[in-house]
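Novice: Mind looking over this structure? Questions follow.
We did not get these values from a lab; they are worked out from the coordinates using the rules stated. Predicted model, so just to flag it, every value in this text is computed and none were measured. No Cβ is skipped: glycine too gets one built from the backbone with ideal geometry, and neighbour counts run over all protein chains shown.
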Amino acid sequence: MEIFDISRTLSADLPPWPGDVAFRYQANGRIAKGSNVNSGSINMSLHNGTHGDARFHFDDNGWTMEQAKLETYFGPAVVVDLSDRYAAAPAGPRLPQVQMSDLEHAADELRSAGRLLLKTNVWRDPNIFPDPIPTLARGVPAWLQSLGVKLLGLDVPSVDEIDAKELVNHHAIGAAGISIVESLDLSSVSAGRYNFVALPLKIAGGDGSPLRAILWRG
């Protein structure tokens, strides 16, 4: 069985959301320096690297991470590859939005799988924060809800534009009852149906959580 690790590596080289807390690993004990164990600690935003958003992230009345429905984060998933479209997109401050027409060919699979992972390959260099990024067109979250989709994952840091103030897509996706996973690495994965696992940590009051996301077939 081949396992595809679709998580981004947490390190000091991974850029944080602009203005947010960067990842930092600190060695608190080292055997080479007389400690009986190697021991470390980390400091980071809950939205560094591959992560899930709790609804509380954008809604004061939303659920927090320890309340996440774990069954949402494992099961069949469909990868839709839009990388060719974005490779050919003209340069500019905004990229074309993901339209229902980009996804309709996968509608039957989405009905049975309930999870959609969007591959755009826009984030090509993991050491440089991507901007601009593609976002969903108006009406797509409601259409996904009509198919029974309960999780949406993307290979970019947000479902909204980097400079967005109102977070229209976060709210629309949340209203559709769809959980959000951001900053996946789908660069080595082809389109199709997979088994998916990306469990969040049980963080009391957490607005998000890092995830170790994997795909496999068979």
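Novice: What are the ³J(HN,Hα) couplings of region 184-201, residue after residue, when phi is run through the Karplus curve with 6.51, -1.76, 1.60 and θ = phi - 60°? Round to Hz, x for glycine and proline.
Specialist: Karplus values, whole Hz, x for Gly and Pro: 5, 10, 9, 4, 9, 10, 8, 5, x, 9, 9, 8, 9, 9, 7, 7, x, 6.
Novice: With point charges of +1 on the Cβ of Lys and Arg and -1 on the Cβ of Asp and Glu, referenced to the Cα centre of the chain, which listed residue (Thr9, Pro157, Asn127) lies farthest in the positive direction of the dipole?
Specialist: Towards the positive end, the residue furthest out is Thr9.
Novice: Given the chain, report the % of alpha carbon pairs whose separation exceeds 23 Å.
Specialist: Numbers: 10911 of 23653 pairs.
Here the tail beyond 23 Å accounts for 46 percent of pairs.
Novice: Right, here's the next one. Please list the non-local residues whose amide H lies under 5 Å from the amide H of Leu136, H modeled 1.01 Å from N, same-chain partners needing a gap of 5 or more.
Specialist: It is Val98, by chain and number.
Novice: Moving on to the next point. What list of ³J(HN,Hα) couplings, whole Hz, do you get for region 209-218 from phi and the Karplus terms 6.51, -1.76, 1.60, once you set θ to phi - 60° and write x for glycine and proline?
Specialist: Here the 3J(HN,Hα) series is 7, x, 10, 9, 9, 9, 10, 7, 10, x Hz.
Novice: If you bin the C-alpha pair distances of region 116-218 every 5 Å from 0, what whole percents do you get?
Specialist: 2, 11, 21, 23, 23, 15, 5, 0, 0
Novice: What is the mean projected area of the alpha carbon convex hull for region 4-55, to one decimal in square nanometres?
Specialist: Values: hull surface 22.2 nm².
Mean orientational projected area (region 4-55, Cα hull): 5.6 nm².
Novice: Ser7's amide H: which non-local residues (gap 5+, or another chain) put their own amide H closer than 5 Å, with H modeled 1.01 Å from N in plane and none for Pro or chain starts?
Specialist: Asp185, Ala213
Novice: Let's see if you can work this out: charge +1 on each Lys and Arg Cβ, -1 on each Asp and Glu Cβ, no other charges. What is the dipole magnitude of the chain about its Cα centre, in debye to the nearest 20? Show your work: numbers first, answer last.
Specialist: Details: 19 positive and 25 negative charges, 116 e Å.
In total the dipole reaches around 560 debye.
Novice: Rank by packing, highest mean first: peptides 201-211, 72-82, with packing defined as the count of other Cβ atoms within 10 Å averaged across residues.
Specialist: 72-82, 201-211
Novice: If you place +1 on the Cβ of every Lys and Arg and -1 on the Cβ of every Asp and Glu, how big does the dipole about the Cα centre of region 55-137 come out, in debye to the nearest 20? Present the calculation step by step, with values, prior to reporting the outcome.
Specialist: Numbers: 8 positive and 12 negative charges, 17 e Å.
Charge dipole, region 55-137, about its Cα centre: 80 debye, nearest 20.
Novice: Output the relative contact order of region 1-69, whole-number percent, from Cα pairs under 8 angstrom with separation of 6+ residues. Let's see the in-between values first.
Specialist: Numbers: 85 pairs, mean separation 17.3, N = 69.
The value is 25 percent.
Novice: Lysines near Lys69 by alpha-carbon distance under 17 Å, same-chain residues fewer than 8 away left out - which ones?
Specialist: Lys150, Lys202
Novice: Could I ask something else about it? If amide hydrogens are placed 1.01 Å from N in the peptide plane, which non-local residues have theirs closer than 5 Å to the one on Val21?
Specialist: Result for Val21 returns Ser45.
Novice: Looking at the chain, what % of its DSSP beta bridges pair antiparallel, to the nearest 5?
Specialist: Counting only bridges with both partners in the chain, antiparallel ones make up about 65 percent.
Novice: Using a 10 Å Cβ count of at most 10 others and DSSP loop calls, identify the longest part of the chain lacking such GluC sites (Glu not before Pro). Spell out each step's value before the answer.
Specialist: Numbers: sites that count: Glu2, Glu166.
The longest such stretch corresponds to 3-165.
Novice: In debye, nearest 20: dipole of region 1-100 around its Cα centre with unit charges on the Cβ of K, R (+) and D, E (-)?
Specialist: That gives a dipole near 400 debye.
Novice: Just need the relative contact order of the chain here, percent rounded to a whole number, with Cα pairs under 8 Å and 6+ apart.
Specialist: On the way: 481 pairs, mean separation 69.9, N = 218.
Contact order relative to length: 32 percent.
Novice: Same structure again: Starting from the Cα of Lys33, draw a straight line to each of the lysines and keep only those under 16 Å, dropping any in the same chain fewer than 8 residues away.
Specialist: none
Novice: Moving to a separate point now. What fraction of the Cα pairs in region 76-145, stated in percent, has a spacing above 20 angstrom?
Specialist: Details: 795 of 2415 pairs.
That tail contains 33 percent of the Cα-Cα pairs.
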